[in-house]
Amino acid sequence: MRIAVAVFEGAEELDFVGPWEVLAAWRFLYPDDVEVVTVGETVAPMTCAKGMRVVPETSWDELGEVDVLVYPGGRGTRPQLGDEKIRTRLRNVKQRGTLMTSVCTGALVYADAGLLDGRPATTYWSAFDELLPLGRDISARPDERFVDDGDVITAAGVSAGIDMALHLVRRLGSLETAREVLRYIQYDPQPPV
């Protein structure tokens with residue numbers, strides 16, 4: 001299974017690093033089963049929302065086929081809205097049978113490409129007013145950590161991407177594999193507040 005995690009200027013760090021950590025742990029535990037790559041417009045360094053610098057492993061032009069795409073949110077999603085190149089890219093990736101997943105305001109980019117029309121979806125708690133006008137008949141699910149609608153999965157904001165990625169491991173691997181990954185990353189959300 002080949003999984004691509006998108007990165008771009010202004011991407012929210014935990015939106016992609018959280019799922020990447022979960023999926024990379026799956027790869028570490030089962031190296032023959034999973035490949036995880038980061039993808040960007042180019043392989044040049046980019047600056048994320050809070051200043052983290054990342055270098056994508058591959059570019060969109062060189063990516064090839066993937067089974068799953070993880071698309072993060074962050075302030076960098078807003079300049080992507082209305083960009084026909086990005087809309088077409090995402091539609092083409094989905095048409096090839098890729099499981100499309102988003103975290104936080106990555107859902108805005110999916111909605112702008114028409115991928116959320118007629119579907120239930122979630123996003124960052126304060127972004128629903130932006131999300132809903134971007135598509136047709138999107139059923140807002142503001143109380144869900146993630147929404148699995150078959151070939152499209154949307155996750156709420158930031159840390160919800162970790163939960164969504166664990167769901168992916170369970171859905172595409174097994175419950176036991178997801179539990180192994182959970183133990184490996186020692187994820188046990190019990191906030192101290």
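Quick notes on this structure:
- Under the Karplus curve 6.51 cos²θ - 1.76 cosθ + 1.60, θ = phi - 60°, whole-Hz ³J(HN,Hα) for the range 158-170, x wherever Gly or Pro sits: 6, 5, 5, x, 5, 4, 4, 5, 4, 4, 4, 4, 5
- Taking every protein chain into account, the 1.4 Å probe leaves Phe28 with about 130 Å² of accessible area, to the nearest ten.
- Note on exposure: Lys50, Lys85, Lys94 ranked by accessible area (1.4 Å probe, complete protein assembly) read Lys50, Lys85, Lys94, with the most exposed listed first.
- Annotation: per residue accessible area for the chain equals 47 Å², rounded to a whole number [probe 1.4 Å, protein chains only].
- Pair Asp83, Asp129: separation of 7 Å Cα→Cβ label points (nm): 2.5
- Surface composition of the chain: carbon and sulfur make up 51 percent of the accessible area, probe 1.4 Å.
The values are calculated or read from the model by the stated rules, or taken from the named source; none is laboratory data. For clarity, every value in this text was computed on a predicted model and none was experimentally measured. Methodologically, a virtual Cβ is constructed for each residue, glycine included, from the backbone with ideal geometry; neighbour enumeration extends over all protein chains shown. Areas reflect the complete protein model, heavy atoms only, side chains present, ligands, DNA and RNA absent. Shrake-Rupley method; radii C 1.70, N 1.55, O 1.52, S 1.80 Å.
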